[in-house]
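What follows is a short report on a single structure.
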Amino acid sequence: MPGDLRETHVAKVARDSGPFEQGTRSDRRHQVMDPWALDIFAAMLTMDTFDAKGRKALVRVDLNVPQDAAGHVTDDTRAKAILPTVRKLINDGGSVILMSHLGRPKGRIVASMSLEPVADHLAVLLGMPVQFASDCIGPDARAKAAALKPGEVLLLENLRFHPEEEAGDEAFSKALSELGDVYVNDAFGTAHRAHASTTVIAKFFPEDKLFGYLMQAEIDSVGKVLDDPERPLVAIVGGSKVSSKLAVLENLIAKCDALIIGGGMANTFIKARGGEVGAGLVEEDLLDTARTVMEKATARNVAVHLPIDVVVADAFNASANTDVCAADQVPDEWMALDIGPESIQAFRDVVLDARTILWNGPMGVFEMAPFQQGTIAMARAVAEATDKGAFSLVGGGDSVAAVNQFGLAGRISHVSTGGGAMLEYLEGRVLPGIAAIQGHG
Ligand code: ATP
């Protein structure tokens, strides 16, 4: 788990042992008197304590970036997110070998999924040349990795051109591992996959493995929310279906003070309470489950906030007729596609009182203009609460897309880079890519 005993202990020892920033890693080991801490420093390097001088860092990153037909990168958010890690390693005097997947080539070489154009884009972002190896293992990768000098960067071809990557093949992991002498995992988006480059490879670096800055930020953020939140902790959960968020809801109920449920999934809860939800999305087979979730929440004194009113439509499209009605009195043939103004006000009040906020899933069909007001309002409320000093974490593909689309990402404490990975993390599961670095994978 993030912020687990070991990490907490490292932080405490670091604090108690005085400022380390100027020393090398071995200096720091001498300064620390606690024998358990010595062991931890050996096992848990961090980007700040690691000195990359003269080292060849093999860095798993997520360069699975959207491209146009000509291969140009159309959204470089993920590429920009790895820059702090790459810069730290080369500024230290290390060399960097980047490895990533791109798309789903399913173990075959697919020219349109080559990472070569991404190397060019990365070179522009870094302001320096980025070499490219035509395969991630084999003679070209080996020769280029071996010739890499301090301060140089090499990107390997798409890992998923080899079926062994997703299979977590040990021999393939070993071949990758031989390219570098320290392993850095900075790919949170694939941390929930036990693939060769994300998990299995770590065993070949028993001491020399660490999280990159991006990965560490994701882990720290979830830790701030789930392990030791400033209270009240408010969780906002939305999106289409209860079924995809059930495990998250169960985990959050054990931790949060208030739970706001919006989006299509709210219909199942409203119907479970005896409300009429018309033609809205409902998971009939989960009505009992929804009741159980609400009962558990009540038993734990967690306030559950469901929509009071909703924006309804007579068809699932942007030009449908719309109206606003009570969330539990939606007429037949109409469907709730957003939360209404009273719900927005009530949800805002809860969010603005929070000291810690977790948001996963939109409040409505925000891709269509008539149904995006609820999601915009929640994004604004989370940003306002953050401005007032609350810690906020937004995770999940669509809620992240929403805060980006509304230009509010800069006012959120942490916007996660991992959709599926974040969801599994919020379920309280141990992610294989994290466990592998922490040494208990
Ligand atoms: P992801 O699962 O990709 O990480 P997410 O967790 O943010 O994203 P999802 O559970 O995938 O969210 O749900 C998002 C989808 O739910 C959006 O496409 C949105 O249009 C849809 N949605 C939201 N509210 C409703 C509603 N009332 N009726 C139908 N669909 C809805």
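The values are calculated or read from the model by the stated rules, or taken from the named source; none is laboratory data. All of these numbers come straight from a predicted model, not from anything done at the bench. Here Cβ is always computed from backbone atoms with ideal geometry, including for glycine, and neighbour counts include all displayed protein chains.
Observations
- Pair list, Cβ under 9 Å, 6 or more apart: segment 173-184 residue on the phi < 0 side of the Ramachandran plot, other residue part of a loop (DSSP other than H, G, I, E, B) and among the basic types (K, R): G180/R55; D181/R55; V182/R55
- From G168, G138, G127, residue being on the phi > 0 side of the Ramachandran plot, surrounded by fewer than 24 Cβ atoms within 10 Å (Cβ to Cβ), without any contact (Cβ under 8 Å) to a residue 40 or more places away in the chain and touching a His at 6+ places or on another chain (Cβ under 7 Å): G168
- Residue list for segment 355-365, filter: more than 6 Å from the ligand (Cβ to nearest atom) and touching an Asp or Glu at 6+ places or on another chain (Cβ under 8 Å): R355, T356, M363
- Some residue of segment 247-264 being more than 9 Å from the ligand (Cβ to nearest atom), touching a His at 6+ places or on another chain (Cβ under 6 Å) and either touching a residue at least 12 places away in the same chain (Cβ under 8 Å) or within 18 Å of Q329 (Cβ to Cβ) (or both): yes
- Screening V311 on (1) buried (at least 16 other Cβ atoms within 10 Å of the Cβ); (2) without any contact (Cβ under 8 Å) to a residue 60 or more places away in the chain; (3) within 24 Å of A258 (Cβ to Cβ) shows it passes everything except condition (2).
- Contacts under 6 angstrom Cβ, first residue in segment 358-376 being in the same structural domain as N267 (by TED's automatic domain parsing) and of a type outside the set (D, E, K, R), partner near the ligand (Cβ under 6 Å from one of its atoms) and in a strand (DSSP E or B), 6 or more apart: G364/L337; V365/L337; F371/L337
- Restricting attention to segment 386-432, the residues that are assigned to a helix (DSSP H, G or I), touching a strand residue (DSSP E or B) at 6+ places or on another chain (Cβ under 6 Å) and small (G, A, S) add up to 2.
- Selected residue (criterion: surrounded by the most Cβ atoms within 10 Å (Cβ to Cβ)) from residues of segment 104-124 that are of a type in the set (V, I, T) and touching a residue at least 40 places away in the same chain (Cβ under 8 Å): V118
- From V304, V310, residue being under 22 Å from G374 (Cβ atoms), within 16 Å of the ligand (Cβ to nearest atom) and of a type in the set (A, V, I, L, M): V310
- Residue ID - nearest to the ligand (Cβ to nearest atom), chosen from residues in segment 215-238 that are among the small types (G, A, S) and under 30 Å from T85 (Cβ atoms): A235
Residue-wise test of (1) surrounded by 24 or more Cβ atoms within 10 Å (Cβ to Cβ); (2) of a type in the set (D, E); (3) at negative phi.
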site: G374; (1), (2), (3): yes, no, yes
site: E384; (1), (2), (3): no, yes, yes
site: A390; (1), (2), (3): no, no, yes
site: V394; (1), (2), (3): yes, no, yes
site: G397; (1), (2), (3): no, no, yes
site: F406; (1), (2), (3): no, no, yes
site: L431; (1), (2), (3): yes, no, yes
site: G439; (1), (2), (3): no, no, no
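- T417 meets all of the listed conditions (1) crowded, with 19+ Cβ neighbours inside 10 Å; (2) more than 9 Å from the ligand (Cβ to nearest atom); (3) under 28 Å from V302 (Cα atoms) but one, namely (3).
- All conditions but one from (1) touching a Leu at 6+ places or on another chain (Cβ under 9 Å); (2) within 16 Å of the ligand (Cβ to nearest atom) apply to R273; the one that does not is (2).
- Which numbered condition K241 fails, given (1) in a helix (DSSP H, G or I); (2) within 16 Å of the ligand (Cβ to nearest atom): (1)
- Candidate set: segment 378-402, residues that are free of Cβ contacts under 8 Å to residues at least 40 places away in the same chain and of a type in the set (V, I, T); chosen: the one nearest to the ligand (Cβ to nearest atom): V400
- Checking each residue in segment 186-234 for being of a type in the set (D, E), buried (at least 23 other Cβ atoms within 10 Å of the Cβ) and either in contact with an Asp or Glu (Cβ under 8 Å, 6 or more places away or on another chain) or over 30 Å from L306 (Cβ atoms) (or both) picks out only D186.
- Once segment 366-377 is narrowed to residues that are assigned to a loop (DSSP other than H, G, I, E, B) and of a type outside the set (A, V, I, L, M, F, W, C), the residue that is farthest from the ligand (Cβ to nearest atom) is Q372.
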